[in-house]
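Here is the structure we will look at.
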Amino acid sequence: MDLESLKTKFQTDKQTEEYQKVYTKENPLVTINMTTFNRCKILLEYSLPAILNQTYKNIEVIVVGDRCTDNTEEQVLKIKDSRLKFYNISDRPDYPEGTGRRWLVAGTYPFNHGLSMATGDFISHCDDDDCFTIDKIEKLVKFIQQEKCDAVHHPFNYSHGLPLNDSSSWFLGRVTTSALFMHNWFKNIPVDSECYKIGEPGDWNRCKKIQIIGADIKRHPETLTKLKAPIGYCR
């Protein structure tokens with residue numbers, strides 16, 4: 001769907017009772033979409049525990065392997081938590097050649113797969129080497145329902161560093177996938193696996209589209225995500 005058609009659909013859908021009901025729903029379901037590739041230690045010891053131990057309990061955690069070849073699937077399936085699901089993509093296309101171009105869209109296919117499986121009223125995302133504060137989901141559910149906005153972003157830290165995103169603006173370098181929280185409607189905007197052709201990172205290309213169609217985006221003031229696992233985890 002082209003952007004103009006997507007904009008029309010969004011503006012129409014936003015006015016419906018179906019779209020609006022999530023703002024008054026008690027204890028809405030939140031889907032957390034995670035992607036990973038052969039980094040089992042980071043996933044199991046760093047990012048996943050912080051998600052499964054959130055103060056907000058009504059969550060659905062979808063972990064999608066980017067054609068993992070290690071023991072990630074075996075180890076994740078040992079976790080006995082009915083909220084957790086794991087899928088490993090075995091038939092994804094290859095990424096473009098060249099380190100730079102590959103980096104722009106790495107993780108696109110598992111991200112979109114997880115997005116398509118999400119059943120939550122709201123959707124959040126977390127990379128396998130990032131970490132949520134323990135009360136992140138609780139705070140963002142409250143915030144988005146109070147503000148009745150379409151999407152939320154917030155400041156984030158690198159490990160042991162100062163906040164990287166200290167701006168209220170929504171632009172390249174100031175938003176990141178693991179610091180986003182949004183209405184489930186945005187399942188309609190997957191990451192474009194070919195945006196490397198225009199030199200844009202997949203996450204930013206998607207954020208730009210969300211802005212272009214007229215989404216009401218607000219910033220939560222607290223730092224709720226730490227990017228990049230500390231040194232000592234396998235890579």
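Calculate one ³J(HN,Hα) per residue across region 177-191 by plugging θ = phi - 60° into the Karplus curve 6.51 cos²θ - 1.76 cosθ + 1.60, and present them in order as whole Hz with x for glycine and proline.
Each residue of region 177-191 in turn: 3, 6, 10, 10, 8, 8, 4, 5, 4, 6, 4, 6, 10, x, 7 Hz.
Under a GNM of the chain (C-alpha, springs under 10 Å), which listed residue has the highest mean-square fluctuation: Glu18, Glu222, Glu45?
Highest fluctuation of the listed residues: Glu18.
For the pairs Lys25/Lys148; Lys148/Lys187; Lys21/Lys187; Lys85/Lys208; Lys7/Lys139; Lys187/Lys228, note any where the Cα-Cα span goes beyond 20 Å. Kindly include the intermediate steps, with their values, before the conclusion.
Values: Lys25/Lys148 12 Å; Lys148/Lys187 18 Å; Lys21/Lys187 17 Å; Lys85/Lys208 29 Å; Lys7/Lys139 29 Å; Lys187/Lys228 25 Å.
Those over the limit are Lys85/Lys208; Lys7/Lys139; Lys187/Lys228.
By average Cβ neighbour count within 10 Å, what is the ranking of 178-187, 146-155, 78-87 from highest down?
On the way: 178-187: 22.1, 146-155: 18.7, 78-87: 13.0.
Listed from highest to lowest mean packing, they are 178-187, 146-155, 78-87.
Please list, ordered by chain and number, the residues whose modelled amide H lies under 5 Å from the amide H of Glu60; skip anything fewer than 5 residues away on the same chain.
For Glu60, whose amide H was placed from the backbone, the distant partners under 5 Å are Val30, Thr31, Ile32.
For region 1-107, what is the relative contact order in percent, using Cα pairs closer than 8 Å and at least 6 residues apart in sequence?
Numbers: 101 pairs, mean separation 25.4, N = 107.
Averaging sequence separation for qualifying contacts and normalising by length gives 24 percent for region 1-107.
Once the piece of chain linking Glu4 and Lys148 is laid out straight, how much longer is it, given 0.36 nm per residue of separation minus the C-alpha distance between them? Working shown, then result.
Working: separation 144, 0.36 × 144 = 51.84 nm, distance 2.36 nm.
This chain segment gains 49.5 nm when fully extended.
I'm spelling it out carefully: the read-out is semi-axes √(5λ) of the Cα gyration tensor in Å, the candidates are (1) 27, 25, 18; (2) 25, 21, 18; (3) 38, 20, 16, and one was derived from this structure. Which label?
(2)
Work out the FRET efficiency for Thr24 and Glu97 from their Cβ-Cβ distance, taking R0 = 35 Å, and round it to the nearest 0.05. Don't jump to the answer; show the numbers that get you there.
On the way: r = 49 Å, r/R0 = 1.40.
About 0.10, to the nearest 0.05.
Within region 42-56, which residues have the backbone N less than 14 Å from the label spot 7 Å out from Arg83 along Cα→beta-carbon, could you tell me?
Only 48-56 fall inside the zone, counting backbone N under 14 Å.
Using +1 at the Cβ of each Lys and Arg and -1 at the Cβ of each Asp and Glu in region 64-126, identify which of Val64, Tyr87, Thr119 lies farthest towards the dipole's positive end.
Thr119
Can you tell me the order of 192-205, 100-113 when each peptide is scored by its average per-residue count of other Cβ atoms within 10 angstrom, highest first? Before the final figure, lay out each step's value.
Working: 192-205: 17.1, 100-113: 19.6.
Put in order of decreasing packing, that is 100-113, 192-205.
Give the lysines whose C-alpha is closer than 21 Å to that of Lys80, dropping any in the same chain fewer than 8 places away, or say none.
Answer for Lys80, where 21 Å is the Cα cut-off: Lys41, Lys57, listed by chain and number.
Please list, in chain and number order, the residues 5+ apart from His125 or on another chain whose amide H is under 5 Å from its amide H, with Hs placed from the backbone.
Result for His125 returns Asn33, Leu180.
Got the relative contact order for the chain handy, in percent, Cα pairs under 8 Å and 6 or more residues apart?
Values: 433 pairs, mean separation 62.0, N = 235.
With pairs under 8 Å counted, the relative contact order is 26 percent.
For Asn188 and Glu138, compute 0.36 nm times the residue count separating them, minus their Cα-Cα distance, and round to one decimal in nm. Write down the numbers at each step before the final one.
Details: separation 50, 0.36 × 50 = 18.00 nm, distance 2.44 nm.
Answer, rounded to one decimal: 15.6 nm.
Computed from the coordinates by the stated procedures, all read-outs in this text should not be read as laboratory data. From a predicted model like this one, the values you see are computed outputs, not experimental measurements. Don't worry about glycine lacking a Cβ; one is built from the backbone with ideal geometry, like all the others, and counts go over all protein chains shown.
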